[in-house]
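Following: one structure in structure tokens, then a few remarks.
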Amino acid sequence: TPERNAPEPLALLQRRLWRSFSKDAAEQPEPNEDLYHESICDDWGKRRGMSRRIYFDTNVTRTLRLAASNVFGCSTDLAWLTAIMCAMFRLFPQQQRMMLILKASCRDGPGEGQMVAFLSEARVFALDTGDPSSATILEVHQQIQRVRLSRDWRAPEPFEFGLCVYVNIVSAMVNSLPSGYRHVVRETSPPSYWDSVAYSHLNLRIDQLRMDEWDFRIFHHDSAWGWDWPTNFAYHLGEVIRRMAMDPLSPLMEEVEAVRSNPGANGSGPAQARMACEDSPAAPRQKRSKEDAASGENGPPAKSLRLSKVPDQ
């Protein structure tokens with residue numbers, strides 16, 4: 001078959017840009033076309049934040065991948081979104097509704113899949129748990145899956161970004177390349193500083209390096225949540241991944257207090273994977289004097305966390 005040239009993207013980008021300037025307020029949103037001008041509200045949600053990185057053992061990421069393929073029948077990136085939002089609802093049980101922003105490809109139009117251009121845009125939608133006591137992990141998953149399949153999302157409104165959870169997942173081309181080729185992805189360096197600037201409640205960047213190896217970075221979270229919040233988040237993330245593989249119909253809030261009081265000991269049977277979170281030995285520590293340690297100054301003790309499976313005693 002003769003080779004076809006990639007479609008020219010500039011006309012599409014110009015049309016989207018012009019539409020964002022000239023559309024009427026009463027006009028219906030276009031899930032694939034609307035642009036989000038983040039510079040409009042860049043400083044509105046600006047606040048003090050903190051940055052961390054979480055390292056996952058291969059057993060944990062393999063469990064997530066198998067839960068996605070064998071239990072939920074979905075992609076691994078959708079399983080990541082389910083685990084992240086379930087962990088957020090468990091950490092903030094009083095919040096029955098959260099706004100989630102994704103970086104969407106926005107390539108649903110004819111020929112857009114072949115365009116060599118940056119077409120991705122931010123898309124926001126709401127997640128509701130209803131009654132937290134009866135909500136399940138599967139229900140949260142189904143909400144996210146329905147929105148993604150139906151494209152029932154929209155571009156964020158001005159000043160809305162600072163009130164949302166932002167997640168950007170970049171999957172690698174693991175099995176889609178021709179024989180003999182592989183997608184080479186370089187792992188980024190650990191964060192240089194724990195203290196950062198936050199523009200939303202939580203900003204996550206998740207890059208796939210290999211089949212079961214992911215670079216999970218917390219670009220920033222609101223510093224009002226405290227230094228130990230990433231550690232608690234990692235504990236609940238591990239617990240949700242375990243239950244996604246073993247019991248996705250169990251109540252979402254089940255064993256929340258047990259995980260808070262005794263993280264890593266969330267199962268008694270040998271078949272239950274127990275997750276633990278520890279400081280990464282490869283991660284440099286923020287220098288702290290004895291006076292700082294006593295008064296709580298100069299930040300958290302470590303900038304990276306390692307999530308792994310703890311062997312049964």
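The values are calculated or read from the model by the stated rules, or taken from the named source; none is laboratory data. Values in this document were obtained by computation on a predicted structure and should not be read as measured data. Note that each Cβ is placed from the backbone with ideal geometry, even for glycine, and that neighbours are counted across all protein chains shown. These area figures cover heavy atoms from the full protein model, side chains too; ligands, DNA and RNA do not enter into them. Shrake-Rupley method; radii C 1.70, N 1.55, O 1.52, S 1.80 Å.
Checked against (1) open to solvent by 60 Å² or more (accessible area, probe 1.4 Å); (2) of a type outside the set (A, V, I, L, M); (3) more than 17 Å from the chain's Cα centre (by Cα), PRO190 meets all criteria but (1). Quick check on segment 72-89. Is at least one of its residues over 14 Å from the mean Cα position of the chain (by Cα) and open to solvent by less than 10 Å² (accessible area, probe 1.4 Å)? Checked segment 72-89: no residue is over 14 Å from the mean Cα position of the chain (by Cα) and open to solvent by less than 10 Å² (accessible area, probe 1.4 Å).
Taking the listed residues SER120, SER134, SER69, SER20, the one that is at pLDDT below 90, more than 25 Å from PRO190 (Cα to Cα) and open to solvent by 40 Å² or more (accessible area, probe 1.4 Å) is SER134, with no other qualifying. Evaluating GLY162 against the criteria (1) without any contact (Cβ under 8 Å) to a residue 60 or more places away in the chain; (2) among the small types (Gly, Ala, Ser); (3) within 16 Å of GLY45 (Cβ to Cβ) leaves one unmet condition, (1).
I'd like to check something: does segment 33-47 contain any residue that is in contact (Cβ under 8 Å) with a residue 24 or more places away in the chain, surrounded by 21 or more Cβ atoms within 10 Å (Cβ to Cβ) and of a type in the set (Phe, Trp, Tyr)? The answer is no, given that none of the residues of segment 33-47 is in contact (Cβ under 8 Å) with a residue 24 or more places away in the chain, surrounded by 21 or more Cβ atoms within 10 Å (Cβ to Cβ) and of a type in the set (Phe, Trp, Tyr).
Checked against the criterion of being out of contact with any strand residue (DSSP E or B) (no Cβ under 8 Å at 6 or more places or on another chain), at pLDDT 90 or above and in a helix (DSSP H, G or I), segment 89-98 contains one or more residues that satisfy it. Being at pLDDT below 95 and buried (at least 17 other Cβ atoms within 10 Å of the Cβ) is not true of ARG107. Residues of segment 48-66 that are of a type in the set (S, T, N, Q) and surrounded by 20 or more Cβ atoms within 10 Å (Cβ to Cβ): SER51, THR61, THR63.
Of all residues in segment 196-216, which are more than 16 Å from ARG65 (Cβ to Cβ) and crowded, with 16+ Cβ neighbours inside 10 Å? Passing the criteria: SER196, ALA198, TYR199, SER200, HIS201, LEU202, ASN203, LEU204, ARG205. List pairs: first in segment 181-202 and farther than 30 Å from PRO158 by Cα, second hydroxyl-bearing (Ser, Thr, Tyr), Cβ under 9 Å, 6+ apart or cross-chain? Close Cβ pairs satisfying both conditions: HIS183/SER176; PRO190/SER280; PRO190/SER304; SER192/SER51. Residues that are at positive phi and open to solvent by 80 Å² or more (accessible area, probe 1.4 Å) do occur in segment 155-172, at least one of them.
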